[in-house]
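Rule-based calculations on the coordinates, nothing more; no lab input. Fair warning: this is a prediction, and the values are worked out from it, not measured in the lab. All Cβ positions, glycine included, derive from the backbone under ideal geometry; neighbour counts span all protein chains shown.
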Amino acid sequence: MIDEQHLLLGSMAPPQSVGGSATVSLLYTDNLKGFILAVTSSTFIGASFILKKKGLKRAGASGARAGAGGYGYLLEPLWWIGMITMIVGEIANFIAYIFAPAVLVTPLGALSIIVSAILAHFILKERLQRMGVLGCVLCIVGSTVIVLHAPEEHTPTSVNEIWDLATQPAFLLYTAAAVAIVLVLMLHFAPRCGQANIMVYLGICSVIGSLTVMSIKAIGIAIKLTLEGQSQVGYFQTWIFAMAAVTCIITQLNYLNKALDTFNAAVVSPIYYAMFTILTILASAIMFKDWSGQSASSVASEICGLVTVLSGTTVLHTNREPETLPLTADLYTPISPKILWHIQGNGELWKHKDDDGLSADFITVLRNDYFT
């Protein structure tokens, strides 16, 4: 009897081993697909920042700039090329989450910062200082630490389940706070200091972006279930999430355009990525209760990552290269680079244009800057 049991167990072992190997191989293939899609997404998104800003500059040269409330960039083909590039990148990023876990896909979003910084250096001639490079590295490292130690989330199986999560008191409080912060930034701070403080426009984009991700995730689950034969079209929750996503995306893109048109693209990209990553992880943790069961080491790592990101953001912000506006010819009339003033004993001044022999009582001004 024992021999028969051993024989039976032995005959069952190979199929289990083969099945396990097939499962591992399938997971490896899916992760590889997700990795390739995530890298492709980061490349397209990083390039889109540069293409859109190039279009914004062209539109601003012939009309009102986007930072001043103009919408002439909508008629600029280069801006639309950048917009299409960003959409392709976002679609690739969305599909990547289907094949690979978020812990693999999300950190690869930092590659878009490197792509945009390199392209900005060669195409937009926006030089990134050494301290700016350090800030960029800090943002990437800090955000990566946060994502790698972020808790795993439970994947909902229906739109109704997501609706229950979205209407829980904790997430409703987060949503109300996010909307209040965005309204204050839009109505009070943006008109007053939006052109001078990069955190205003990017704060709006990042806070709204965290809500966008939650809405997009709900829509993605609805599409996936519908394609599997469980139609979610008839549920009103699906359309509420869709309207919320469209509203958030339009607002997010509008203020992202303002930020790109006003500030250095090499600085906008890492700050936006860092803030967006932090707020998205926070919103996901609140909505899906991911923080429960976290170990102390994971929480400590996330805090360290947050501090690193904030440090990098500060370094980037304080060492960014200011935008230089071209000087128009009618601001002042250039004067002679050498003006000689004779100081007489009674204190009166008179101009002397001769260059013959300078005595100790002549003052020579060699720079025009003092007379601007």
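Say the cut-off is 21 Å between C-alpha atoms; which of Lys33/Lys289; Lys33/Lys54; Lys53/Lys217; Lys57/Lys258 go over it?
Working: Lys33/Lys289 28 Å; Lys33/Lys54 32 Å; Lys53/Lys217 28 Å; Lys57/Lys258 11 Å.
Violating the 21 Å limit, Cα to Cα: Lys33/Lys289; Lys33/Lys54; Lys53/Lys217.
Show me the ranking of peptides 115-128, 48-61 by mean Cβ neighbours inside 10 Å, starting with the highest. Don't jump to the answer; show the numbers that get you there.
Details: 115-128: 17.6, 48-61: 22.1.
So the peptides 115-128, 48-61, ranked by packing, come out 48-61, 115-128.
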Hull-based mean projected area of region 219-273, where the convex hull spans the alpha carbons, in square nanometres: 4.9 nm²
Cβ-Cβ FRET estimate between Leu172 and Phe122, R0 fixed at 51 Å, reported to 0.05: 0.65
Volume in Å³ per residue [convex hull over Cα atoms, computed for region 220-320]: 135 Å³
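Take the Cα pairs of region 113-232, get the Kirkwood Rh, then feed it into Stokes-Einstein at 10 °C and 1.306 mPa s and tell me D in µm²/s.
Values: Rh = 17.9 Å.
Roughly 89 µm²/s, to the nearest whole number.
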Among 73-86, 163-176, the order from most to least packed when residues are scored by Cβ within 10 Å on average: 73-86, 163-176
Inter-part distance where region 226-303 and region 108-184 are each reduced to a Cα centre, Å: 7 Å
Globularity index of region 159-207, i.e. its alpha-carbon radius of gyration over 2.2 N^0.38 Å: 1.46
